Every structure is written in structure tokens, then in C-alpha cells.
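*Asks:* Structure provided below as C-alpha cells; questions to follow.
The values are calculated or read from the model by the stated rules, or taken from the named source; none is laboratory data. All of these numbers come straight from a predicted model, not from anything done at the bench. Heads up, the Cβs are rebuilt from the backbone with ideal geometry, glycines too, and the neighbour counts pull from every protein chain shown. Surface areas here come from the heavy atoms of the whole protein model, side chains and all, with no ligands, DNA or RNA. Shrake-Rupley method; radii C 1.70, N 1.55, O 1.52, S 1.80 Å.
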Amino acid sequence: MKWIEMMVKKLTARYISLNRQFKVQRHTIVYQSGMEDYVSVTIDCTESFSFDFWTKELTCEYGSRYFDDVSEAFRKVYGNITIINNSK
């Protein structure tokens, strides 16, 4: 999904502030973090994942409708990442 690639590109940009909300196409993305190396993301208040930029761990927290696409988009940016799926 192209919008997911756009979202990941925005999330991984260096200029993004630590806590904010933005839109990608019709989807609302909430980005929360207390530090630069970790982010928790919610898509449309229904899907949630987190990414640790230091360990390259992508964790599905709840909901999984977009998780495969999110995983693939992060792999395009970072190559080999660890996937943890807590929604099963």
C-alpha cells in the first residue's frame, strides 16, 4: 500500500517531532515517543505498532490489518528487522 510507505517514510525522517498527529491520505496517524530511538504509532485509532530504531524491532501491539504492509515498508528502509507480533 503506497500510503503505508509514505507513512513510514515520514516516521523515519529526522525532522519529525517526538509527539504529533498527521494525515496520510484518509488515515490519521498518531506518533508518540519519549525518546528519539523508539516510537509508538496508532493508525485510525484501531491499529497499533511500535518500532525501536536502535534494535530494529517492529512490534504489532493490537490489530493486524496493515501490519504485513507496515513490516514490508520498514524492511525497505532498514533491511533486516525483527518482527514481534503480540496481536495473536
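*Asks:* Which of T59, V77, S48 sits closest to the plus end of the dipole of the range 47-88, meaning its Cα is farthest towards the positive end, when Lys and Arg get +1 and Asp and Glu get -1 on the C-beta?
*Replies:* V77
*Asks:* Does a label point 7 Å from the Cα of N19, set along Cα-to-beta-carbon, have any residues of the range 36-68 with amide nitrogen under 17 Å, and which are they?
*Replies:* 36-42
*Asks:* Keeping to pairs on different chains or 8 or more places apart, tell me how many lysine pairs in the range 1-70 have Cα atoms under 14 Å apart.
*Replies:* Final tally of qualifying lysine pairs is 4.
*Asks:* Something else: About the Cα centre of the chain, what is the dipole size in debye to 20, counting +1 per Lys and Arg Cβ and -1 per Asp and Glu Cβ, all else neutral? Kindly include the intermediate steps, with their values, before the conclusion.
*Replies:* Values: 12 positive and 11 negative charges, 71 e Å.
In total the dipole reaches around 340 debye.
*Asks:* Considering only protein heavy atoms and a 1.4 Å probe, what is the carbon-and-sulfur percentage of the accessible area of the range 22-88?
*Replies:* Within the range 22-88, the accessible surface is 47 percent carbon and sulfur.
*Asks:* Right, next: Between (1) 1.00; (2) 0.91; (3) 0.96, which matches Rg/Rh (Cα atoms, Kirkwood Rh) calculated for the structure shown?
*Replies:* Of the labelled values, this structure produces (2).
*Asks:* While we're here: How much net charge surrounds T82 when only the other residues with a Cβ under 10 Å from the Cβ of T82 are counted, with Lys and Arg +1 and Asp and Glu -1?
*Replies:* It works out to a net charge of -1.
*Asks:* What's the extension gain from S40 to T12 if we count 0.36 nm per residue and subtract their Cα-Cα distance? Display every interim value, and only then the final one.
*Replies:* Values: separation 28, 0.36 × 28 = 10.08 nm, distance 1.23 nm.
Between S40 and T12, full extension yields 8.9 nm more.
*Asks:* Could you calculate the contour length gain from N85 to R26, that is, 0.36 nm times the residue separation minus the distance between their Cα atoms, to one decimal place in nm?
*Replies:* This chain segment gains 18.7 nm when fully extended.
*Asks:* Averaged per residue, what accessible surface does the chain expose to a 1.4 Å probe, in Å²?
*Replies:* Values: 5320 Å² over 88 residues.
Computed with neighbouring chains in place, this is 60 Å² per residue.
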